[in-house]
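The values are calculated or read from the model by the stated rules, or taken from the named source; none is laboratory data. The structure presented is a predicted model; accordingly, all values stated were derived computationally and were not measured. Note that each Cβ is placed from the backbone with ideal geometry, even for glycine, and that neighbours are counted across all protein chains shown. The protein model used for the area step is the full one, side chains on, heavy atoms only, and it has no ligands, DNA or RNA in it. Shrake-Rupley method; radii C 1.70, N 1.55, O 1.52, S 1.80 Å.
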Amino acid sequence: MNASLLNPFNITYPTAVQTSLPSQASLARFDPSGRFVAAGRSDGSAAIWDLETHAAVRWLEGHVKGITSVDWSQNSRFVLTSSKDWNVIVWDLAADFDPPQRSSTIRFDAPVSSASFHPRNSQIILVLLSTGDAYLVDLRKHHRGRVELEEVQEESDEEGQMASPRSAMTTARFDPTGKHIFVGTSVGSILVFNTRTKTMVGRHKVSGAGLMKGFDFAKSGRRLVTNSSDRVLRQFNLPTYPPPNADREYIELELEPTHRFSDPINRNAWHAMSFSPDGEWLAGGAADPATHKIYIWDISNDGQFASALDGGREPLIHVHWHPRKPAIASTTNQGNILIWHCPAPERWGAFAGGFEEVDENVEYEEREDEFDIEDESELAIRKMKQEEEEVDIDTTEDLDASALGDHLRVNGDNEEDYAWADEEPDDDIRGWKMKTVMEDEPDML
């Protein structure tokens, strides 16, 4: 019900801090429904915050070193945490106890820089190690395995491999459909892999970018924004990639950005960036050592700068946009999570039926039946029927990720890629409910 009240044409950007969550977090990410926030902490634990009660409802304690990334499954049942302790843990929030049950633990031989779920199946996980290696891990029974993603080397490169080491992979993300994996490198290139075959289908050079630090996609999947070491955010329109073939052909194309975003005054770098749900706004979290700054750009208006949000004296280290409405979660270096919102103007008409606000005096015209006397018994019966109607204020219209993937398909997409991801589906079923866990009160002496 609530989701239907949100007019997509009124979506704008947040302007004020609504609340602060004292989570001691180093990063925070909304779940797909927008009700919960997963907060990763530097002590190796993570917390699930309920934005309706502003309380932590689950504690995920399984790592011994700092959390480097968190991610949610398509219907929010599973949460993934990666850590510097070389482990990736998948948690099942459907358990009726706290801390919740571990669904799986994946061990590597180096600290994990980031990890994320496949958009259609949480048993497929993309992992990036601090050594510059990226792996696709498949936990499904008939596809179980761990495959390293390797850049295709040209013949001239192969001859010089002994002289110069290959470029390190510095960031990795699934696209919104899950069909492709985008990997950024230390030499400013973007590698594109087919998820099903794990083969490279594209390579893009970004002139002057330097080391790639992060990616984010618009929900359509056709636009990509990159964060690089030259302190510039770039937005690109992505081409159509060829399906994998026996010859392992790929496209080699230098991408030209449609927009460039930077801080021309302070020349700050960027910690993170995030698109709005409709892709018409972009938020950039500035790496300002003295203040908490979020820059907002209007993509629909040729990328014009719209506003700078000031969050106080605690510098920003992470930012993530709400998946449904104009709200942002930004994390400070002191561990507080600021929830930004767009304050709604007061509407006095909500307090009295038929009340209307006017800018100037108008002559009132009395309705013909305005003062007619009605039978009080009929009024009481009508009121009672209205009170008996059930109003659902909790249920939201969740968008299934598989349905989202179907919506994002374009002409020429290979159906085999989607069928492969949907094989052996996970237990992340729509409609599941997180159970309330009651803490036992200590005995009073």
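Taking every DSSP helix (H) stretch of at least 4 residues in the chain, weighting each as -39,500 (n - 2.57) and dividing the sum by the residue count yields a mean residue ellipticity at 222 nm of -2000 deg cm²/dmol. Accessible area of Met384 (1.4 Å probe, protein heavy atoms only, ligands and nucleic acids ignored): about 110 Å². Phe182 exposes around 0 Å² of accessible area when a 1.4 Å probe is run over every protein chain in place. Cα centroid separation, the stretch 190-243 to the stretch 304-322: 24 Å. Evaluated over the chain, the count of Lys pairs having alpha-carbon atoms less than 19 Å apart is 8 (only pairs 8 or more residues apart or interchain). Solvent-accessible surface of the chain, averaged per residue with a 1.4 angstrom probe and all protein chains in place: 54 square angstrom. Computed about its Cα centre, the charge dipole of the chain is approximately 2880 debye, with only Lys, Arg, Asp and Glu carrying charge at their Cβ.
A protection proxy built from the mean count of other Cβ atoms within 10 Å ranks the segments 58-71, 252-265, 116-129, 325-338, most packed first, as 116-129, 325-338, 58-71, 252-265. Counting only Cβ charges, +1 for Lys and Arg and -1 for Asp and Glu, the dipole size of the stretch 182-314 around its Cα centre is about 380 debye. Figure note: Met434, Met212 ranked by solvent-accessible area, largest first, 1.4 Å probe, ligands and nucleic acids not counted: Met434, Met212. Taking the C-alpha atoms only, the angle from helix 376-388 to the longest principal axis of the chain is near 20 degrees.
Answer with a single label: of (i) 20; (ii) 32; (iii) 25, which was calculated as percent of Cα pairs over 40 Å apart from the structure in view? So the calculated entry is the one marked (iii).
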